[in-house]
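**Student:** There's a structure below that I have some questions on.
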Amino acid sequence: MEILKQRILSDGVELGTEILKVDSFLNHQIDIELIRQIGQEFARRFQKENITKILTIESSGIAVACATSFCLGDVPVIFAKKEKASSMTDEYYCAEVKSFTKGTISMVRVNKKFLHSEDTILIIDDFLAHGEAASGLINIVKQAGARLAGVAIVIEKEFQGGGEKIKEQGIRLESLAVVCSMQEGKIRFR
Ligand code: 5GP
């Protein structure tokens, strides 16, 4: 998606060779017009899949998932929770996820009442790095016995291998910007 790549080049900040900071339009301040276009693009790519629900993980995937839902018939958006609150008294699907940016391992949870075997799920996230977050969400979709239409990612860092992990399971992966390297202050796209 050209407009996204241009925005990454103009506003993205590389933190070393591994982490890309895009807090001016995606991870802290959200550029609503850009997110609208991202949602439209995801919806276009998955419109024939009869998606019944979108699954993401808090927090940065939520805005993109909502923008996509507006274009896919307002399907519900479910976000996996990273922390267990005392109000979470029902039964939950759980999966372990190692956080790439924080280095911590957490259990992510989705209330069983929101995912069913009749559902067709689209997984959405802001970044794909080593594939931990996406694998956790895939695991939860499997536990629910739902159909997985695919994984939609705003920015994939191809060199960290998460994309391969997903594709080798036969799962469809759609990434709008695929970064193949961040070396010597230069971001290169596939
Ligand atoms: P993975 O689980 O694929 O290793 O990493 C994906 C998750 O880590 C995403 O949900 C995202 O929040 C975070 N993440 C991974 N790489 C980056 C990055 O370069 N920048 C930012 N802002 N978040 C990242």
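**Student:** If you plug each phi of the stretch 62-71 into the Karplus form 6.51 cos²θ - 1.76 cosθ + 1.60 with θ = phi - 60°, what whole-Hz ³J(HN,Hα) values come out, in order, with x for Gly and Pro?
**Tutor:** After applying 6.51 cos²θ - 1.76 cosθ + 1.60, I find 5, 4, 5, 5, 5, 4, 6, 4, 3, 9 Hz.
**Student:** What does the charge count near residue 149 come to, summing +1 for each Lys or Arg and -1 for each Asp or Glu among other residues with Cβ under 12 Å from its Cβ?
**Tutor:** Cβ neighbours under 12 Å give a net charge of +2.
**Student:** Within the stretch 148-167, what residues put their amide N at less than 16 Å from the label point 7 Å along the Cα-to-Cβ vector of residue 98?
**Tutor:** Inside the label zone: 160-166.
**Student:** So what is the 222 nm mean residue ellipticity for the chain from helices alone, if each DSSP H run of at least 4 adds -39500 (n - 2.57) and you divide by all residues, rounding to the nearest 500 deg cm²/dmol? Numbers along the way, then the final one.
**Tutor:** Details: 5 runs with 56 residues, N = 190.
My calculation for the chain gives -9000 deg cm²/dmol from helical runs alone.
**Student:** HN-Hα J couplings of the stretch 135-147 from phi, Karplus 6.51/-1.76/1.60, θ = phi - 60°, integer Hz, Gly and Pro as x?
**Tutor:** Listing the rounded values in order: 5, x, 5, 4, 4, 5, 4, 5, 4, 6, x, 7, 8 Hz.
**Student:** Cα centroid distance between the stretch 142-190 and the stretch 35-67, in Å?
**Tutor:** When both Cα centres are located, 15 Å separates them.
**Student:** Arrange the following residues from fewest to most other Cβ atoms within 10 Å of their Cβ: 68, 89.
**Tutor:** Arranged by neighbour count, lowest to highest, 68, 89 become 89, 68.
**Student:** Among the aspartates and glutamates, which fall within straight-line cross-link reach of residue 165, defined as a Cα-Cα distance under 20 Å, with same-chain neighbours fewer than 8 residues apart omitted?
**Tutor:** 18, 96, 125, 126, 132, 156, 174
**Student:** With N set to the number of residues, divide the alpha-carbon radius of gyration of the chain by 2.2 N^0.38 Å and report two decimals.
**Tutor:** 0.98
**Student:** Of all beta bridges DSSP finds with both residues in the stretch 2-189, what is the antiparallel percent, to the nearest 5? Spell out each step's value before the answer.
**Tutor:** Working: 15 of 36 bridges.
Given both bridge residues lie in the stretch 2-189, the antiparallel proportion sits at roughly 40 percent.
**Student:** Would you mind ranking 84, 186, 157, 165 so that the residue whose beta carbon has the fewest other beta carbons within 10 Å leads the list?
**Tutor:** 186, 84, 165, 157
**Student:** To the nearest 0.05, how large is the calculated FRET efficiency for residue 2 and residue 86 if R₀ is 41 Å and r is the Cβ-Cβ distance?
**Tutor:** Efficiency, from the Cβ-Cβ distance: 0.35.
Laboratory data are not the source of any read-out in this text; all were calculated from the coordinates shown. If you're wondering where the values come from, they're calculated on a predicted model, not measured in any experiment. Here Cβ is always computed from backbone atoms with ideal geometry, including for glycine, and neighbour counts include all displayed protein chains.
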